[in-house]
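The values are calculated or read from the model by the stated rules, or taken from the named source; none is laboratory data. Quick caveat: nothing in here was measured; it's all calculated off a predicted structure. Ideal geometry is used to build each Cβ from the backbone, glycine not excepted, and the neighbour counts take in all protein chains shown. To get the accessible areas, we keep the full protein, side chains included, count just its heavy atoms, and leave off ligands, DNA and RNA. Shrake-Rupley method; radii C 1.70, N 1.55, O 1.52, S 1.80 Å.
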Amino acid sequence: MSESLDKIAEVFLSEANDLLDKLEEYLLELEQNPDDMDTISAVFRSMHTIKGSAGMFGFDAISRFTHEAETTFDEVRNGRVAVSSELITLTLQARDHIREMLDNENTPAIAAETERLIKEFQVYLLKHDKTGKSLAEGSASTQGAKDAQPSQATQPAPAAPSATDSAAKTKAAEKADLITEEELPEITWRIKLEFSPDVFINGTRPHALIAELAEMGAISISPHFSGVPRLHDLNPEKCYVSWDVILTTTKTEEDIKEVFIFLDDTSKISIQKITDSDQASSGAPKKLGEILVDKKLVTQEDIKDVLGGQKPIGTLLTEKKMVSREDVQAALAEQKHLKEQSEKKNQELNAQTIKVNSAKLDKLIDLVGELVTFNARLNQVASTVSSQQLATLGEQGERLILELRDTTMDMRMLPIGTIFSRFRRLVRDLASGTHKDIELITEGAETELDKTVIEKLNDPLVHLIRNSCDHGIELPDERTQKGKDPTGKVRLRAQHAGAFVLITIEDDGAGLNREKIKAKAVERGLINANDELSDSEIDNLIFMPGFSTAEKVTSISGRGVGMDVVKKDITSLGGSVTIQSAPGKGTIFTLKIPLTLAIIEGILVQLGENFYILPLSNVVECLEFDQPMKKNSFCSSMKIRDEMMPFIDLRTFFGVEGERPEIQQMVIVTDQDSRVGLIIDRVIGNYQTVIKPLGRLYQNVSGLSGATILGDGSVALILDVYKLSDIVRKLDTKA
């Protein structure tokens, strides 16, 4: 029994944390739009749900505390208290405190903070009452509220509400919450459009009106051409066509009528309600005959007369000239529309989402990786024994495993917006702490990344955003003097680039002060005063361990810890970070991150008896190579298509022994910034690569990023294109 209760409490804690994340988003949105009633209601509902769930699962302290915040926003929702920056700050503090109460036991320090925040909410209610009455009277949760009320001795006591009145008000409030929380119901309308023949002369475009209807929801359109005369009688300035439109929308009849508000009286527009969302999701769709009767094109008796025939009812009615062929087509289109809407509604009702522990997903990825390795071994055995049957089984297995791999990887992909939303609060707090006006703009939040990559991105992004806010954005007075908007902009953007995601953190601040950076680097002994450095090299000095240009240590910066961690964390992900800066205009940090760290497409290559993997996303082309190499030199260059190409002889670089083949091969790879050639013995072919971490002995070996297991059980090392490119660049700089 206790184990069952523990699992239920675990579900509550998970859902409560999700609600707190959403609450923070709503509060930050509300600060930008204080009069948005939808957001105010969303804040209230979040706190109401947390309070109710906490009370249900025995978290009484959380329930009692949340009630105070909920009471305040109930008054806001009813228009008796205004939203202010002070209230947003107080509620964000309450949100943080609820999370602390969820994560820790109710210690004396937590209890004291609870009472302090409760008092703050009560004082806020007293100070910001628009009606001039004490709002704290309505909060009966604590004795402190009663103590905070002004004396009521001179005021007549209001009559106590009856139990019936209270129950009615409670039901009304619950109903109001329900309507606010749920989406408006969908209704299907039948719209008959018979425009005046002179509608074109008046400047009206029927197709534009129909397009406006299409923007309201799901639509089916059936034109009627029976009124179109023969060609010699046709007047191109006249409208001869009419339309039947079936529209499923949350809009009201008045909204639909507004589309045709400028039509003249000679045009005939009829709007008829067919069904609402409840009818759409229950029962079978209407039959063709029922639709024709409903449209008053035929009677029920007409239907009975023709039902005895062997032909479809539409054909029989058309043959008897009871309805036109176009009327039948319009009715069939309506029938199809209603059926599609019914199926869609049922699918939505039956759709289910479940939460899965991330550890289980990680285990699933590991098992898929083992299957990939097993299938490679099966294919190798099949080629060894020359068994066609075994080879066929291997091909089928490979196809199924690849599909399973893609599905599993999709399950681990999350929109990067899941961490973007956290930084709005960070920027708000940083702006407050530095007395600056800063606006965070996010783009590409829907860009998806492997969840393990997203988890490791949080800290680097925090450091970069803090750097932009503290060192980049100037104080409002300074920005005004420079002719800039007093409010600084920090733009966080994500976009796909092949097998990578590019994340940029851009600010419109002062840019990097290269003279100051170089002076600090000399002061700390990182470079010599006489060193000649390019702008790019000076910019990259900020990634050196212990480097900081802050004049004093604050809670935000100054300890020299941060940017070096960014470089280290991004490199560990197999990515890179670059800087672009213009004095007075701002700085752009660009992170290039691989989509996943679990399974990649690779090319298997051989050096002597050893095998290596090159990530396919980095490979540009493969060429034959027969140029003699200098002894004890692993790096050189050659001309390829009128371009000097640096290359690395991997045999020399890794110290591979044995005779070289007469003709080696060069694989040209790119790190998105430049190209470099890698000299290997031979290219074997494509290989599904399950990435395994290197052991401690090999973690710091330059040029390697991981390992994988081949079909025969041997190990192949995965080459790190970015580290190899860095080696070439450093050698070029020294040269």
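The calculated FRET efficiency for the pair D437 and E643, based on their C-beta separation and a Förster distance of 51 Å, comes to about 0.60. Between I269 and D35, the C-beta separation translates, for a Förster distance of 41 Å, into a calculated FRET efficiency of about 0.70. Solvent-accessible surface of the stretch 573-649, taken per residue with a 1.4 Å probe and all protein chains present: 48 Å². Annotation: aspartates and glutamates with alpha-carbon distance below 18 angstrom to K355 (same-chain offsets under eight excluded): D6, E10, E15, D18, D21, D410, D450, E455. Net charge dipole, the stretch 666-731: roughly 140 debye, given to the nearest 20, about the Cα centre with Cβ charges of +1 for Lys and Arg and -1 for Asp and Glu. Between the stretch 189-216 and the stretch 648-670, the alpha-carbon centres lie 71 Å apart. On the basis of the beta-carbon distance and an R0 of 45 Å, E659 and T578 show a calculated FRET efficiency of 0.65. Report note on the peptides 519-532, 83-96, 32-45: ranked by the mean count of other C-beta atoms within 10 Å, highest first, their order is 83-96, 32-45, 519-532.
Stretched out straight at 0.36 nm per residue, the stretch from T392 to T252 would grow longer than its current Cα-Cα span by 44.4 nm. Think of a 1.4 Å ball rolled over the protein heavy atoms: the stretch 373-485 then has 53 Å² of accessible area per residue. Checked against a 22 Å cut-off, the cross-linked pairs K238/K295; K456/K723; K251/K296; K482/K592 give Cα-Cα distances beyond that limit for K238/K295; K251/K296; K482/K592.
Which aspartates and glutamates have a Cα lying under 12 Å from the Cα of K518, excluding residues fewer than 8 positions away in the same chain? Candidates past the 8-residue exclusion: D531, E532, D535, E537, D539.
Report, to two decimal places, the Cα Rg of the stretch 415-466 normalised by 2.2 N^0.38 Å (N = number of residues).
Scaled against compact globular proteins, the figure is 1.20.
Taking only protein heavy atoms and a 1.4 Å probe, the accessible area of the stretch 637-710 is 46% carbon and sulfur.
Counting only aspartates and glutamates at least 8 places from K568 when in the same chain, those with an alpha carbon closer than 12 Å to its own are D459. Calculated on the alpha-carbon coordinates, the convex hull of the stretch 3-133 measures out at 94 cubic angstrom per residue.
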